[in-house]
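Enquirer: The following block contains the structure, expressed as structure tokens.
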Amino acid sequence: MTTITVNAEHCYPVVISNSWTKDLADRCIDRTRVAVLVSANFSPDLATLRNLDSELHVFEVPDGEEAKSIATLTKVWNWLGAAGFTRSDLIVGIGGGAITDLAGFIAASWLRGLDWIAVPTSLAGMVDASVGGKTGINSDYGKNLIGAFHSPVAVLIDTEFLRTLSDRDMAAGMAEVIKCGFIADRAILELASQHSVASLRENTAAISALIQRAITVKANVVSADFKESFAREALNYGHTLGHAIEMHSKYQLRHGEAVAIGLVYAAELAAARNLISQSELELHRTILLAYQLPVRFDRNAWQKLTPLLALDKKARGKTIRFVALSGIGTTIRLEDLTSAELDAAYERISS
């Protein structure tokens, strides 16, 4: 078992083990009521929880980004009200990043704050969504525009869940791992470059090392800047265009697939200003393509994507701000980009 501590508005452990059911049950013993949020097409083994004295409520919600809607939020609030949940009770989200985002926001908003635990079952959820205390749902105007900072009391990671992931979802999760490599840990890039989705499935040590290193990057950033004053924005590398593409695709693209395109776009912006070398730019494409992630997007979509960029959470007033690199492991903010620069960079990644 490995434990990584996040020191945000409170300290909490990210536990990487192969015994999530026992770890979760141990944390539910003193709770009168426990609400477990899961997607409708996923049935985790909750037998251990059912044997506790706690009153267990299992709430099924839609799968994927569909879960992060106002309609779902209202439905779960009503469930909690009918079940009589109080501030001493517990919310648990078991599933991918969308489920943990929703569970965290439910916990943040019901009675102004309940404890919650994340049990991420996807690679993206393990290394990104479940760690850091960002919770939220989507709006018609953009992704994660409604939310709160509300850290879990624990994150429980069991890599056995990855055995059930599709190759596409594994690759999408690797986009977030690779992002951590570019912003803070070159060793991630070196290790990821030695593998593919197929080889990682056969190498438990390698995938565990990548997960641990990526979580450590995020834990360090979040511990230094919980509410995204500045430093935490580095974790949004690739996400400005990525979120716009994700929304434009009506979430048919995985989050990591959209972020992969956004990473290359941000690298193009930096390379055009000579902030990174051509070889560092090409490393983005090489490593992402090795995981069969997209690095280009529809040329004709640009006019629809540009208004969505203005809704990015890093925007200030009418200024669109991008996280960029000034070298591997060093991030900066680009705040004075011209329309010509934005257009030209998109042209270079368009197909």
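The values are calculated or read from the model by the stated rules, or taken from the named source; none is laboratory data. Here the structure is a predicted model, which means the values were calculated and not measured. Heads up, the Cβs are rebuilt from the backbone with ideal geometry, glycines too, and the neighbour counts pull from every protein chain shown.
Enquirer: E160 versus (1) of a type in the set (D, E, K, R); (2) outside the structural domain of F322 (by TED's automatic domain parsing); (3) over 26 Å from G64 (Cβ atoms): which is the lone unmet condition?
Expert: Answer for E160: the failing condition is (3).
Enquirer: It is to be established whether one or more residues within the stretch 324-331 are under 14 Å from A271 (Cβ atoms), surrounded by 19 or more Cβ atoms within 10 Å (Cβ to Cβ) and at pLDDT 95 or above.
Expert: There is at least one residue in the stretch 324-331 that is under 14 Å from A271 (Cβ atoms), surrounded by 19 or more Cβ atoms within 10 Å (Cβ to Cβ) and at pLDDT 95 or above.
Enquirer: Taking interchain pairs and intrachain pairs at least six residues apart, which have beta carbon atoms under 6 angstrom, with the first residue in the stretch 274-291 and in contact (Cβ under 8 Å) with a residue 24 or more places away in the chain and the second part of a helix (DSSP H, G or I) and surrounded by fewer than 17 Cβ atoms within 10 Å (Cβ to Cβ)?
Expert: From residues that are in contact (Cβ under 8 Å) with a residue 24 or more places away in the chain, the pairs are I287/S193.
Enquirer: Going by the structure shown, is A258 at pLDDT 95 or above, surrounded by 24 or more Cβ atoms within 10 Å (Cβ to Cβ) and assigned to a helix (DSSP H, G or I)?
Expert: yes
Enquirer: Right, next: Return yes or no: is K250 surrounded by fewer than 24 Cβ atoms within 10 Å (Cβ to Cβ), closer than 28 Å to N7 by Cβ, outside the structural domain of A8 (by TED's automatic domain parsing) and not aromatic (F, W, Y)?
Expert: Taking the combined requirement at face value, the residue does not satisfy it.
Enquirer: Would you call V92 within 28 Å of R168 (Cβ to Cβ) and touching a Cys at 6+ places or on another chain (Cβ under 9 Å)?
Expert: Yes: the conditions hold for V92.
Enquirer: Shifting gears a bit: Here are some residues: I137, I106, I70, I117. Which one is at pLDDT 95 or above and closer than 23 Å to T240 by Cβ?
Expert: I137
Enquirer: Counting only residues that are farther than 17 Å from L325 by Cβ and in a helix (DSSP H, G or I), which one in the stretch 219-232 is farthest from the chain's Cα centre (by Cα)?
Expert: Across the stretch 219-232, the extreme among qualifying residues is A224.
Enquirer: Which of the strands (runs of 3 or more DSSP E) contained wholly in the stretch 131-200 include at least 1 residues that are within 13 Å of the chain's Cα centre (by Cα) and touching a residue at least 24 places away in the same chain (Cβ under 8 Å)?
Expert: The strands (runs of 3 or more DSSP E) meeting that bar are 134-139, 142-149.
Enquirer: Among the residues in the stretch 297-314, are any assigned to a strand (DSSP E or B) and out of contact with any strand residue (DSSP E or B) (no Cβ under 7 Å at 6 or more places or on another chain)?
Expert: No, there is no match, as no residue in the stretch 297-314 is assigned to a strand (DSSP E or B) and out of contact with any strand residue (DSSP E or B) (no Cβ under 7 Å at 6 or more places or on another chain).
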